[in-house]
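Written out below as structure tokens is the structure these notes cover.
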Amino acid sequence: MSASNALFNAHGIRLVSAGIALLMQMDGVASGLAAKTGDTPSRPAMSSPATNIESHPDWIVVHDVEVGFTLRYPPHLVRLPEPSPLPERRPPLVARLRLLDRDLASGATADLEPATLAVEIFAPTAEPLRDWLARNGRQAAGISSTTVSGAIEAVRVRFPRLAAPNEFLYVRTARAVLALIPLGADGEAALSTLQLD
């Protein structure tokens, strides 16, 4: 595998191939909107979603009316096409959005690259997120409650065994459960624009 298909830590040491990271995501060890609409353990904790998306007026806006969220992303990122049917997950995906750098997205291995930001959408649930995560095999070493305006509940989940991505934000609303998975500074920046209707 070429160096362009590998993930490296801050010291330039190869951590894991992108293909293995994708397989881990597909197995449900990690989680990754739909056609319808080097992260390392030493990286600082994920930033909290902001309430003001106007700070990036040149960014592209995604607004999903059905699910009820809006986010922005930098123009050098592009949305990857989603396969039909969507990849199998537990529970099943309702929809998914994956953003990737334009140059990486134009390459032959785009589907093997971990997304800069992935938003996985699942059917709504009435159960607490910690119970929902456990029932669906998404237990992690680090789970902490957080606040996202407009959410019923939100938790940050850290999977320290994963090289990248290994931090996730799960948000429960009346319309869906969202799994938001940022990778690197661009992923964190796009996540920081999240707003719920």
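The values are calculated or read from the model by the stated rules, or taken from the named source; none is laboratory data. Not measured: the values here are computed from a predicted model. All Cβ positions, glycine included, derive from the backbone under ideal geometry; neighbour counts span all protein chains shown.
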Examine region 67-75 for a residue that is modelled with pLDDT of 95 or more and surrounded by fewer than 15 Cβ atoms within 10 Å (Cβ to Cβ), and state whether such a residue exists. yes
Would you mention how many residues in region 107-130 are surrounded by fewer than 15 Cβ atoms within 10 Å (Cβ to Cβ), of a type outside the set (Asp, Glu) and modelled with pLDDT of 95 or more? 4
For Leu180, indicate whether it is closer than 24 Å to Pro87 by Cβ, surrounded by fewer than 22 Cβ atoms within 10 Å (Cβ to Cβ) and among the aliphatic types (A, V, I, L, M). no
In region 76-93, how many are within 22 Å of Ile152 (Cα to Cα), touching a strand residue (DSSP E or B) at 6+ places or on another chain (Cβ under 9 Å) and surrounded by fewer than 20 Cβ atoms within 10 Å (Cβ to Cβ)? 2
Positions within region 179-197 being under 9 Å from the mean Cα position of the chain (by Cα) and of a type in the set (A, V, I, L, M, F, W, C), in sequence order: Ala179, Leu180, Ile181, Leu183, Leu191
Scan region 69-88 for residues that are under 23 Å from Ala189 (Cα atoms), in contact with a Leu (Cβ under 6 Å, 6 or more places away or on another chain) and outside any strand (DSSP E or B) and jot them down. Leu80
For region 131-143, which positions are crowded, with 16+ Cβ neighbours inside 10 Å and under 14 Å from Arg158 (Cβ atoms)? Leu133, Arg138, Ala140, Ile143
Meets criteria (crowded, with 21+ Cβ neighbours inside 10 Å and under 19 Å from Ala123 (Cα atoms)) for Leu191: no
